[in-house]
Every structure is written in structure tokens, then in C-alpha cells.
Amino acid sequence: MMAMKSLIPGRFTSALVRTDAGELEARLSDGGLWQVKVRSTSEAEWRLLCVGHLDGRVLAPSPAEPQAPIKIGPLAFDFARRRVAVEGVDQPLRPREFDLLAMLASEPNRLFTKAELLREVWDYPEDVSTRTLETHVANTRRKLRQAGVHGFIVTYRGIGYKLCHGTDIESQSAAR
């Protein structure tokens, strides 16, 4: 079975192919960005295979080239294992909490809008009214605080969130 969504400016057009083995979703934005995700019938979460641009640039690695782990302050992200560690100790995050934190970590100090996070992490439409994002941010903050990490996720009331670290956290607190 194949389902298709129509192109909406700023959103992705997507094709979903379902088989007995699982699902494959291919998405194309009106700006020329594309991504391919797969999920086997035994998996609950989608796995991002590749992201790129129609001009040939590949923006995210394929499974043969997993994204290298990164470290931001005391946080270490292992994207292949979908784990976040604080000072070497793995933190128990739910899948969407990891996805949220990984998106914020993809561009530290960049402000992500609520609509952007809801669209990219949850695949929600622009006009949805939900407290999902706020709940996941609160839960993720609580888990990071319990691990001794404070103030990394900064809220811009009514706008969105960004991941800050080091002196950026202090300057954000002073600016509020």
C-alpha cells in the first residue's frame, strides 16, 4: 500500500510504502530537501536512513556511515545507539525525549520554534494545539537535572527552545 500527502509550502510531501516487512517513508520539501526513513514491523520507532538535497548534497549519513557521537558540555550523544550520557553515565530517555534533545543538539545555540519541533520530532501539522512539546521538555529537563545537568534547555516563551551550554547558559539567564 502506498499513501501520498500533497505539497504544502514549508512542509514535506511524503510517500509511505507498507509491506509485511515494515514501512518506508520518503519525504520531499518544497525547498528540495529529502529524507528517507524505515521501520520494520518489529520496531516501534522510525530510523532515519538519509537526508539530503536535490542538488546532490547528502546532509545526514546513511546507515553505512553512522553519525559520529558528539559531546556538548557534559552531554555525550551516541546517535547510532540513540543514547545520551552525562559524564559517561547513560541517561534513561524515552524515544521522543531523545529525538527532541538530539534535534536541539544538532545546532546548539539555535532557537528552534515550537512549530518546527512539533513538525520534525512528532510530524504534527502547523495548526495543531497540544502540550506534547512542553511535557517532553519538562520531562527531559527533570531527567537532566537528576543527572546533575542544569539549564541546558532554554525556553523562549511563546517562541520555542534552544540547547545552550557553558557561558551561553549564564548569558541566557542574565538576559531574561
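The values are calculated or read from the model by the stated rules, or taken from the named source; none is laboratory data. Everything numeric in this text was worked out from a predicted model, so none of it was measured. Positions of Cβ are backbone-derived with ideal geometry, glycine not excepted, and every protein chain shown enters the neighbour counts.
Residues in region 134-155 that are part of a helix (DSSP H, G or I) and in contact (Cβ under 8 Å) with a residue 24 or more places away in the chain were compared, and the one that is surrounded by the fewest Cβ atoms within 10 Å (Cβ to Cβ) is Asn139.
When the residues of region 76-90 are filtered to those that are touching an Asp or Glu at 6+ places or on another chain (Cβ under 9 Å) and surrounded by 17 or more Cβ atoms within 10 Å (Cβ to Cβ), which remaining residue is nearest to Glu120 (Cα to Cα)?
Keep residues of region 76-90 that are touching an Asp or Glu at 6+ places or on another chain (Cβ under 9 Å), which gives 76, 78, 81-85, 90.
With surrounded by 17 or more Cβ atoms within 10 Å (Cβ to Cβ) added as a condition, the list becomes 76, 84-85.
Numbers: Ala76: 22, Val84: 19, Ala85: 23 Å.
Going through the qualifying residues, I end up with Val84.
Would you say Phe98 is crowded, with 17+ Cβ neighbours inside 10 Å and farther than 15 Å from Ile70 by Cα? Here the answer is no, as Phe98 does not meet what is asked. Return yes or no: is Ala68 at pLDDT 80 or above, aliphatic (A, V, I, L, M), within 30 Å of His165 (Cα to Cα) and within 17 Å of the chain's Cα centre (by Cα)? The answer is no for Ala68. Beta carbons closer than 6 Å, at least 6 apart along the sequence or on distinct chains, pair a first residue in region 107-120 that is farther than 12 Å from Thr132 by Cβ with a second that is among the basic types (Lys, Arg) for Arg110/Lys162; Leu111/Lys162.
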